Amino acid sequence: MTEERSLDSVKVSIERVPVCTSILVSGLPEDATHDAILLYFESKRNSGGPVEGVEFVPKSGRAVVVFQDPGGL
């Protein structure tokens with residue numbers, strides 16, 4: 001479903017996209033750990049939610065965090 005609207009005299013298209021349950025995190029410190037990333041993104045204080053998994057290569061500075069529910073994003 002595509003919808004076209006005007007925004008400041010410019011035509012824009014709005015399309016629904018599939019629901020995503022994962023995010024790419026970059027800029028992690030070199031000493032980050034799998035457990036620290038998991039705890040951070042599950043923390044309600046950080047507006048997180050239940051995490052299904054974390055794909056993380058130490059010292060890469062990047063991780064993919066997969067949430068159980070897209071509401072956790």
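The values are calculated or read from the model by the stated rules, or taken from the named source; none is laboratory data. Treat the numbers as computed from the prediction; the structure is a model and nothing was measured. Positions of Cβ are backbone-derived with ideal geometry, glycine not excepted, and every protein chain shown enters the neighbour counts. Each accessible area value is taken on the protein alone, full model and side chains, heavy atoms only, with ligands, DNA and RNA left out. Shrake-Rupley method; radii C 1.70, N 1.55, O 1.52, S 1.80 Å.
Points to keep in mind about this one:
- Inter-residue pairs, beta-carbon under 6 Å, first at negative phi and in a loop (DSSP other than H, G, I, E, B) and in the range 24-44, second open to solvent by less than 50 Å² (accessible area, probe 1.4 Å) and modelled with pLDDT under 95, 6+ apart: 28/61
- Taken over the range 55-73, the criterion of being polar (S, T, N, Q) and open to solvent by less than 90 Å² (accessible area, probe 1.4 Å) is satisfied by 60 alone.
- Only listed residue being open to solvent by less than 60 Å² (accessible area, probe 1.4 Å) and hydroxyl-bearing (Ser, Thr, Tyr), chosen from 33, 21: 21
- Pick from the range 1-18, criterion modelled with pLDDT of 75 or more and within 27 Å of residue 68 (Cα to Cα), ranking: surrounded by the most Cβ atoms within 10 Å (Cβ to Cβ): 14
- Within this structure, residue 52 fails the test of being open to solvent by 80 Å² or more (accessible area, probe 1.4 Å) and part of a loop (DSSP other than H, G, I, E, B).
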